[in-house]
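Undergrad: Structure provided below as structure tokens; questions to follow.
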Amino acid sequence: MTDETIAPTIISTIIGSPSGKSMPVKELRKAVLLSLQLDTDDKSSKKLFKKCVQALEADGRVKLGADGIVKLSKSARKEAAKGSKKKGKKDKKKKRKKSDADESNAYDDSDKKSGKKQKSEHAQNNVNGDDDNDDDEPPMEGDADNDDYGDDVEEDEAADQDGAATNKDDNNAEEDDPANKNKSVKGNPTGVTRLFLGNLPFAVDESSLNDFLGGYMTHVKWITDKETGRFYGSAFVEMRNSKDAAGAVAKAGTELMGR
């Protein structure tokens, strides 16, 4: 494990915290080491973390106060936000290219189907020839028009229902689109989706936490004591996208199950 690996984890963990700007150093160390699947009690891991914090402090990206709080500098936050925006632009460009290719393929398929349909209709007309004559009884006036009107109304209602369902599906598809997962949004300029939650009630479970976060939590990792398995009252959660993560961060300080 190197400084290059730990440094981004430290910065992303602070950004994913409720404040998005700072964390107590001990809480930060535990969260980072657990995230990297390192032993939180191992002395070498602690030394590596300390060395990395000192390096970040020397670079001016973080500041460790006398009160034991690690604060992320404005320049580091801007740098993280800038990196997220660049990634978002690349994802949008890829999405646009894919969309153009899909649209082109759709037009080609439509032209092919249209050509086949015209050939089929032309062949059918040749087969029928003069079979259509004037001996067919004309439809009754009034009844036929009313039937057609009723069919039109039913078709319009069905079309409206299909349209509403399609819009809902499109919205869900847009939220689930991987290209939108880490895009910069209001309240989450860096586009993070992995958050650290502290001061959780000890009776909380995955279902109640997911409901509290709006139902868009995709994964949770409870932080527990390595030997006893006792729940520490904190966890890492993964949200569906950056927008949902921003909504979760907005709930910081909100009471859950009396805590």
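Undergrad: How many of the residues making up segment 12-46 are buried (at least 21 other Cβ atoms within 10 Å of the Cβ) and under 16 Å from Val249 (Cβ atoms)?
TA: 7
This table checks each residue for (1) modelled with pLDDT of 65 or more; (2) assigned to a helix (DSSP H, G or I); (3) under 21 Å from Lys21 (Cα atoms); (4) out of contact with any Lys or Arg (no Cβ under 8 Å at 6 or more places or on another chain).
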site: Ser44; (1), (2), (3), (4): yes, yes, no, yes
site: Phe49; (1), (2), (3), (4): yes, yes, yes, no
site: Gln54; (1), (2), (3), (4): yes, yes, yes, yes
site: Ser75; (1), (2), (3), (4): yes, yes, yes, no
site: Gly83; (1), (2), (3), (4): yes, yes, yes, yes
site: Ser114; (1), (2), (3), (4): no, yes, no, yes
site: Ser120; (1), (2), (3), (4): no, yes, no, yes
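Undergrad: Identify the single condition in (1) touching an Asp or Glu at 6+ places or on another chain (Cβ under 7 Å); (2) of a type in the set (Lys, Arg); (3) surrounded by 19 or more Cβ atoms within 10 Å (Cβ to Cβ) that Lys63 does not satisfy, given that it satisfies every other one.
TA: It is condition (3) that Lys63 fails.
Undergrad: Something else about it: Report, by residue number, each residue of segment 230-259 that is under 22 Å from Pro189 (Cβ atoms) and polar (S, T, N, Q). Explain how you work it out, then say what you get.
TA: Of all residues in segment 230-259, those under 22 Å from Pro189 (Cβ atoms) come to 236-254.
Matches in segment 230-259: Asn241, Ser242, Thr254.
Undergrad: What's the total number of residues in segment 218-253 that are over 30 Å from Ala179 (Cβ atoms) and of a type in the set (S, T, N, Q)? Show your work before the answer.
TA: Filtering segment 218-253 for residues over 30 Å from Ala179 (Cβ atoms) gives 222-234, 253.
Keeping just the survivors that are of a type in the set (S, T, N, Q) gives 224, 228, 234.
The total comes to 3.
Undergrad: Go through segment 243-259 and count every residue that is open to solvent by less than 60 Å² (accessible area, probe 1.4 Å) and within 23 Å of Arg29 (Cα to Cα).
TA: First, the residues of segment 243-259 that are open to solvent by less than 60 Å² (accessible area, probe 1.4 Å): 244-249, 252, 256.
With the extra rule that they be within 23 Å of Arg29 (Cα to Cα), the set shrinks to 245, 248-249, 252.
Of the residues in segment 243-259, 4 are open to solvent by less than 60 Å² (accessible area, probe 1.4 Å) and within 23 Å of Arg29 (Cα to Cα).
Undergrad: A follow-up question, please. Give me the strands (runs of 3 or more DSSP E) completely within segment 142-259, filtered to those with at least 3 residues that are modelled with pLDDT of 90 or more and under 27 Å from Lys78 (Cα atoms), ordered by residue number.
TA: 194-197, 231-239
Undergrad: Being crowded, with 16+ Cβ neighbours inside 10 Å and of a type in the set (Phe, Trp, Tyr) narrows it down to one residue among Phe212, Phe202; which is it? Break it down into steps so the answer makes sense when it comes.
TA: Values: Phe202 fails: crowded, with 16+ Cβ neighbours inside 10 Å.
Unique residue meeting the criteria: Phe212.
Undergrad: Shifting gears a bit: Checking the structure you have, find out if any residue of segment 220-242 is in contact (Cβ under 8 Å) with a residue 24 or more places away in the chain, open to solvent by 20 Å² or more (accessible area, probe 1.4 Å) and of a type in the set (S, T, N, Q).
TA: No, because not a single residue in segment 220-242 is in contact (Cβ under 8 Å) with a residue 24 or more places away in the chain, open to solvent by 20 Å² or more (accessible area, probe 1.4 Å) and of a type in the set (S, T, N, Q).
The values are calculated or read from the model by the stated rules, or taken from the named source; none is laboratory data. The structure presented is a predicted model; accordingly, all values stated were derived computationally and were not measured. With ideal geometry, Cβ positions are generated from the backbone for all residues, glycine too; neighbour counts draw on all protein chains shown. Accessible surface is based on the protein model in full, side chains and every heavy atom, while ligands, DNA and RNA are left aside. Shrake-Rupley method; radii C 1.70, N 1.55, O 1.52, S 1.80 Å.
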